[in-house]
1. State all residues of segment A:45-73 that are open to solvent by 90 Å² or more (accessible area, probe 1.4 Å) and either in contact with a helix residue (DSSP H, G or I) (Cβ under 8 Å, 6 or more places away or on another chain) or outside any strand (DSSP E or B) (or both); if no residue qualifies, say none.
2. As an exercise: evaluate B:Ala80 against (1) of a type outside the set (Phe, Trp, Tyr); (2) open to solvent by less than 20 Å² (accessible area, probe 1.4 Å); (3) modelled with pLDDT of 95 or more and give the number of the one condition it does not meet.
3. Quick one: A:Trp83 ticks every box in (1) in contact with a strand residue (DSSP E or B) (Cβ under 7 Å, 6 or more places away or on another chain); (2) at pLDDT below 95 except a single one, so which number is it?
4. Hey, B:Ser61 hits all of (1) open to solvent by 30 Å² or more (accessible area, probe 1.4 Å); (2) in a loop (DSSP other than H, G, I, E, B); (3) within 11 Å of chain A (Cβ to nearest Cβ) but one; which does it fall short on?
5. Going through segment B:1-58 one residue at a time, which ones are assigned to a loop (DSSP other than H, G, I, E, B) and closer than 24 Å to A:Gly108 by Cβ?
6. With B:Lys53, B:Lys7 as the choices, which residue is farther than 16 Å from A:Lys102 by Cα and open to solvent by 20 Å² or more (accessible area, probe 1.4 Å)?
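The values are calculated or read from the model by the stated rules, or taken from the named source; none is laboratory data. Keep in mind that what you see is a predicted model, and the values were worked out from it rather than measured. Because the Cβ atoms are built from the backbone with ideal geometry, glycine has one as well, and the counts that use them run over all protein chains shown. To get the accessible areas, we keep the full protein, side chains included, count just its heavy atoms, and leave off ligands, DNA and RNA. Shrake-Rupley method; radii C 1.70, N 1.55, O 1.52, S 1.80 Å.
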Amino acid sequence: TQTVSQSDAHVTVFEGDSVELRCNYSYGGSIYLSWYIQHHGRGLQFLLKYYSGNPVVQGVNGFEAEFSKSDSSFHLRKASVHWSDSAVYFCAVSLSQGGSAKLIFGEGTKLTVSS
Amino acid sequence: DPKIIQKPKYLVAVTGSEKILICEQYLGHNAMYWYRQSAKKPLEFMFSYSYQKLMDNQTASSRFQPQSSKKNHLDLQITALKPDDSATYFCASSQEGGRAETLYFGSGTRLTVL
């Protein structure tokens, strides 16, 4: 069974702070990981993904994530957050079953950026 | 302009009734999906379609039936509605159905069953 967990339900930081949102996965095969963001009342938007190569991947709006096989992690980071980064962030692993992809999402981490 | 249109945005239904959630995508994608998000559970995969064919179904209940009348349409029919069906239903699409693909989501239909 492939699962993903996000240990922090809520994270609060001040504008300009750095932030790390944690994601851990469990799976024995090749791994496909991604992060999505959901602003209040909206659908999910893609941030970044990893499936091979450089373990540090760059995404939109200054976000990056680092894959670690030894820690089974794919944490999301941003060096300096803006108030508009306030949203819920979802980590996801991708399965392939029956000829199509299926994303399994973590519980989500709500990031609040205070000014 | 939104590239994935979901209608209606809000929907209120009575227990036992039937509703259809509409999804149209204008991204030229060949794979489409339904996900459900409720207060009790995280985002939950429901169905995937590729070239208008059902590829994966993780919904235990036959009350949920996807319908693909056109390549860029994937509607969701829900019959015999229950209060537990209350959730936001998201439609998504990807170019193909590969594991490495990016999914694009609509803004959702919030269903409330009274």
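1. Listed by number, the residues that qualify are A:Tyr51, A:Asn54, A:Asn61, A:Lys69, A:Ser70, A:Asp71.
2. (2)
3. Here A:Trp83 clears every test but (2).
4. Going through the list (1) open to solvent by 30 Å² or more (accessible area, probe 1.4 Å); (2) in a loop (DSSP other than H, G, I, E, B); (3) within 11 Å of chain A (Cβ to nearest Cβ), B:Ser61 breaks only (3).
5. B:Pro2, B:Lys3, B:Lys9, B:Ser38, B:Ala39, B:Lys40, B:Lys41, B:Pro42, B:Leu43, B:Gln58
6. Working: B:Lys53 fails: farther than 16 Å from A:Lys102 by Cα.
On inspection, the qualifying residue turns out to be B:Lys7.
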